[in-house]
Each structure stands twice: as C-alpha cells, then as structure tokens.
Amino acid sequence: MTAPWPGTCCRQGRPREGAEVPLAKRVVILEDDAGVQQLLRSAVETEGWLFDWGETFQEIRPLLARADVLILDLNLPDVNGLDVLRHINKSGQRIEVIVVTGDASKRRSAQRLGVSAFLEKPFDMSELYVALRDAARVVDLRSVGELPDPELTNRRPRARKAAPQ
C-alpha cells in the first residue's frame, strides 16, 4: 500500500473501496482512546477522505503541515490539547479543528482558539458527520480563494486596525 503522504510517521487509512474521494482532504486524528479512535477512523473513511492517526502529539506533529482537518482529543498522554491548538495558531497553519473530548469545561477555551466544532463525549455520530462536512466546506472555500464566513467556521473575525482618517 502506498502511503498517502510520503514520509509519514504513523498509521494511515485509505477511503473505503468505491468512495468518492474529494480533492485534497487530508485528516489527522489525534485520539488516545482506541475505541473512540476506531469510530473516528470509520467516520472519516465513510466520508472518503485520506487520513492518518496517532495517540500522541509527537506522532502526528509532522503531519500537520499537510493536513486540512485535525480531529483532536483535548486530554492526551503527552500534551494538553489546548496547547496543540496554540501550536497550530502560532504556526499560522490553516487547519479546521474538530475537538472531541470528555471535558466540557474546556469548550470556551477551545472556541477562543478557533476550533471548527466541539463535540463532547459521548457524542452522536450524526454530530460528527455534520462537523466533518462543515469542515470540508470551509476547506473547499479556502481552496478556491474564498474566505469562509466566520459564522460557518465558528471563528471570530480578527480585529482590524482602523484606517487613518
């Protein structure tokens, strides 16, 4: 099997046979719970996307440069998931992030850091599919040079400096 991303360090998945593969949709799943990880991989595979997954930030860190979407657990063995969000923001990468966590107390912090969706475990799979499709829409809009509406991405517009008068 050829790796979807040359030089990847962790495990990869391919779309199920016969799935329509959207252009340039690459998902990284960062989840340390094997059962939840399997559900997430199955959902991404059903959508027909290429994906990689890992259980630690160190495993998936090299993959973020080419990712369109990150599905992120906030409670990880090696790092706080909010620190992963800060890393992404600091790097300037444009990745849609879907948070899946059992810790609802981090919702506001995650939203301030620009997540696309926040799903509390246990979540309904229909919520995950909606979040994946919303992320896909944003990725598609970005790929054609259209800026997504902040309401669509749950991101606050950045403050602009007033023009001198």
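Yes/no matrix, rows are residues, columns are (1) of a type in the set (D, E, K, R); (2) in contact with a Gly (Cβ under 8 Å, 6 or more places away or on another chain):
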{"residue": "R86", "(1), (2)": "yes, no"}
{"residue": "R94", "(1), (2)": "yes, no"}
{"residue": "G102", "(1), (2)": "no, no"}
{"residue": "R107", "(1), (2)": "yes, no"}
{"residue": "G114", "(1), (2)": "no, no"}
{"residue": "F118", "(1), (2)": "no, no"}
{"residue": "K121", "(1), (2)": "yes, yes"}
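Looking across segment 122-131, just one residue is modelled with pLDDT under 95 and either touching a His at 6+ places or on another chain (Cβ under 6 Å) or surrounded by 15 or more Cβ atoms within 10 Å (Cβ to Cβ) (or both), and that is F123. Residues in segment 106-142 that are within 21 Å of I88 (Cα to Cα) and hydroxyl-bearing (S, T, Y): S109, S116.
Residues are listed down the side, and each one gets a yes or a no for (1) surrounded by 20 or more Cβ atoms within 10 Å (Cβ to Cβ); (2) farther than 21 Å from R26 by Cβ; (3) basic (K, R); (4) touching a residue at least 24 places away in the same chain (Cβ under 8 Å):
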| residue | (1), (2), (3), (4) |
| --- | --- |
| R41 | no, no, yes, yes |
| T46 | no, no, no, yes |
| Q58 | no, no, no, no |
| L70 | yes, no, no, yes |
| V97 | yes, no, no, yes |
| S116 | yes, no, no, yes |
| V138 | yes, no, no, yes |
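Within segment 54-61, none of the residues are touching a helix residue (DSSP H, G or I) at 6+ places or on another chain (Cβ under 6 Å) and among the acidic types (D, E).
Looking at this structure, is A104 out of contact with any Leu (no Cβ under 8 Å at 6 or more places or on another chain), of a type in the set (A, V, I, L, M) and crowded, with 16+ Cβ neighbours inside 10 Å? No: the conditions fail for A104. Whether a residue is surrounded by 14 or more Cβ atoms within 10 Å (Cβ to Cβ) and either in contact (Cβ under 8 Å) with a residue 24 or more places away in the chain or more than 13 Å from the chain's Cα centre (by Cα) (or both) was assessed, and A65 does not pass this test.
From the list A3, A24, A19, the one residue that fits, being assigned to a loop (DSSP other than H, G, I, E, B), within 16 Å of the chain's Cα centre (by Cα) and at pLDDT below 90, is A24.
Scanning segment 118-136 for residues that are touching a residue at least 60 places away in the same chain (Cβ under 8 Å) and among the small types (G, A, S) returns A135, A136.
The values are calculated or read from the model by the stated rules, or taken from the named source; none is laboratory data. Please read all numbers here as calculations on a predicted model, not as lab measurements. Cβ coordinates were reconstructed from backbone atoms using ideal geometry, including for glycine residues, and neighbour counts include every protein chain displayed.
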